[in-house]
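Reading through the structure tokens given below for one structure.
The values are calculated or read from the model by the stated rules, or taken from the named source; none is laboratory data. If you're wondering where the values come from, they're calculated on a predicted model, not measured in any experiment. Using ideal geometry, Cβ is built from the backbone for each residue, glycine included, and neighbour counts are taken over all protein chains shown. Just the protein is used for accessible areas: all its heavy atoms, side chains included, with ligands, DNA and RNA removed. Shrake-Rupley method; radii C 1.70, N 1.55, O 1.52, S 1.80 Å.
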Amino acid sequence: TEPPDRTTSYRRCNVKLSVYPSRGLVDEKFTVLVQKAPPGFQMTIHALHQSEDGNSLEAFAHYTADACGTINLSEDPSMGGTYVGVEPMGLLWSLKPAPGSKPGIRLSKKNVQTPMEFTISVYKGHQTEGFVDQVQLACVVVERWYMAPGVRRVPITEGGLIGVLFLPPGSGPFPRVLDLWGGGVDLLETRSALLASHGFASMTINYMDPFRKKAETTEAGKIVNNQYFETALRVLQQHPQILSSSIGMLGLSFGASVTFKMAAYSDVVKLKCAVCISGSHVQPVDGSVADLIEYCTKNASKIRVNTDNQVITRDLLLPIPTDPTMKVDVGRVQCPLLLIVGEDDQNWPVSESAQDIKEMMERAGNSHLLTILSYPNTGHLINPPYSGHVLVSTVTYILRHITALISLWGGEMVAHCRAQEDAWRKILVFLMENLFVHNSANTSE
């Protein structure tokens with residue numbers, strides 16, 4: 001008896017694809033399950049995302065069905081593609097620009113009031129290209145949101161601020177977080193929206209736009225000083241749905257520089273905790289954000305360019321100064337402080353800064369407030385999980401004038417994505433422990 005025609009059986013197979021949950025938050029894992037395939041059937045599982053600017057990102061992985069005709073991405077290893085091994089969320093964090101899309105694009109979202117959509121598809125065989133021209137065996141569209149149902153978005157213009165406040169569902173009162181991004185963006189709402197989805201009233205503000213608007217004037221950015229950030233903290237404090245006694249700050253890169261200063265010196269609002277991601281305490285202590293930019297400008301000769309014409313700026317703040325007027329006195333910090341460090345950060349000297357901060361706080365006797373999470377092979381842009389690894393991207397540097405350059409952020413894809421997942425989970429725990437505890441204590445009085 002002749003063996004069955006396996007090719008014919010493959011053509012006739014009715015593969016079932018399911019993704020659960022098909023709608024959820026961006027930091028929520030999903031399960032991808034393929035069923036009813038012939039045993040031993042080779043398949044490619046593909047993810048496609050069209051960004052808001054019309055460019056597309058794709059990821060794919062090669063799998064082989066088990067004896068029951070099933071593939072479970074939470075249990076089964078990819079044999080090849082944009083990632084290998086057992087990676088339940090690999091189809092998101094390994095997304096790359098699709099053929100025909102602009103090089104260097106990354107997974108991002110401007111309008112957080114709409115979801116990101118990902119088309120998950122199954123193709124016959126182990127494919128590496130030409131997905132647009134191939135027939136899908138099955139297809140599912142999944143949604144990922146930064147805003148959970150019931151989260152409210154409130155534009156903020158009080159006190160000269162340019163910002164957005166996100167409030168969790170319910171009447172509150174909610175613990176609050178001031179969320180600051182770095183120097184390469186104006187106003188990015190994703191992380192604040194996600195924090196609100198986890199129960200925090202979170203406000204993000206634009207503190208870099210004044211530099212772009214006034215970059216050619218002698219008063220460039222002078223309006224963005226400590227008072228600007230203290231105004232933001234006051235606006236949060238005075239909101240009727242926010243618990244005034246429970247406030248934290250979270251900053252990345254340049255935003256971390258501001259967070260260090262506010263945690264150490266602000267007499268207006270005393271923070272309950274602070275999170276500094278990929279940041280340094282090195283800055284003119286008595287200066288504004290503009291003065292920190294000017295300090296970096298004076299050290300511009302330390303900027304390196306590698307053979308791929310990518311800019312490395314980590315030496316701008318090195319060596320770590322001994323002059324006490326040129327670095328935040330973290331010995332003054334009186335709240336829990338969490339540092340997130342990428343050991344391959346090519347943008348900012350975060351490892352050296354973390355070591356100096358540790359030594360300063362040990363000498364001051366407040367090192368019990370310090371927690372350092374240091375991640376090997378991890379770069380500068382440590383974002384919420386499954387948002388991918390950004391090795392390089394075009395960034396706008398504001399030194400003596402505005403310059404767009406290709407910046408090298410550092411890190412290795414798998415290690416960096418693992419770090420993002422671990423760091424985000426621990427950031428949420430840190431905020432909950434230090435802000436929700438005060439919330440419970442105050443509401444029970």
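Computed quantities for the displayed model
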item	result
Qualifying residue in the range 299-315 (condition: closer than 24 Å to residue 424 by Cα, assigned by the TED database to the domain that holds residue 189 and either of a type in the set (Lys, Arg) or open to solvent by 10 Å² or more (accessible area, probe 1.4 Å) (or both))	yes
Scope the range 56-75; condition touching a residue at least 12 places away in the same chain (Cβ under 8 Å) and open to solvent by 30 Å² or more (accessible area, probe 1.4 Å); matching residues	64, 66, 67, 68, 70, 74
Residue within the range 220-230 that is modelled with pLDDT of 75 or more and open to solvent by 30 Å² or more (accessible area, probe 1.4 Å) present	yes
Only listed residue being charged (D, E, K, R), at pLDDT below 90 and either open to solvent by 10 Å² or more (accessible area, probe 1.4 Å) or within 25 Å of the chain's Cα centre (by Cα) (or both), chosen from 179, 209	209
Matching residues in the range 332-350 - criterion: being outside any loop (DSSP other than H, G, I, E, B) and crowded, with 17+ Cβ neighbours inside 10 Å	337, 338, 339, 340, 341, 342, 350
Residue selected from the range 272-298 under the condition assigned to a loop (DSSP other than H, G, I, E, B) and within 22 Å of the chain's Cα centre (by Cα), by the criterion surrounded by the most Cβ atoms within 10 Å (Cβ to Cβ)	279
Matching residues in the range 231-255 - criterion: being open to solvent by 10 Å² or more (accessible area, probe 1.4 Å) and within 19 Å of residue 160 (Cα to Cα)	231, 234, 235, 237, 238, 239
Test: residue in the range 25-44 that is touching an Asp or Glu at 6+ places or on another chain (Cβ under 8 Å) and not in a loop (DSSP other than H, G, I, E, B)	no
Given (1) at pLDDT 90 or above; (2) open to solvent by 10 Å² or more (accessible area, probe 1.4 Å); (3) in contact with a strand residue (DSSP E or B) (Cβ under 7 Å, 6 or more places away or on another chain); (4) of a type outside the set (Asp, Glu), index of the condition residue 203 fails	(2)
Contacts under 8 angstrom Cβ, first residue in the range 407-422 being farther than 13 Å from residue 345 by Cα, partner surrounded by 23 or more Cβ atoms within 10 Å (Cβ to Cβ) and of a type in the set (A, V, I, L, M), 6 or more apart	420/382
Sole residue being assigned by the TED database to the domain that holds residue 123 and open to solvent by 10 Å² or more (accessible area, probe 1.4 Å), chosen from 94, 108, 78	108
Any hit, the range 264-274, residues being farther than 22 Å from residue 434 by Cα, in contact with a strand residue (DSSP E or B) (Cβ under 9 Å, 6 or more places away or on another chain) and not hydroxyl-bearing (Ser, Thr, Tyr)	no
Where a residue in the range 92-104 is free of Cβ contacts under 8 Å to residues at least 60 places away in the same chain and its partner, wherever it lies, is among the aliphatic types (A, V, I, L, M), with Cβ under 8 Å and at least six apart	96/57; 96/59; 97/57; 97/105; 98/48; 98/57; 101/57
Leading residue by the ranking (surrounded by the fewest Cβ atoms within 10 Å (Cβ to Cβ)) among those in the range 113-169 that are among the hydrophobic types (A, V, I, L, M, F, W, C), in contact (Cβ under 8 Å) with a residue 60 or more places away in the chain and assigned to a loop (DSSP other than H, G, I, E, B)	148
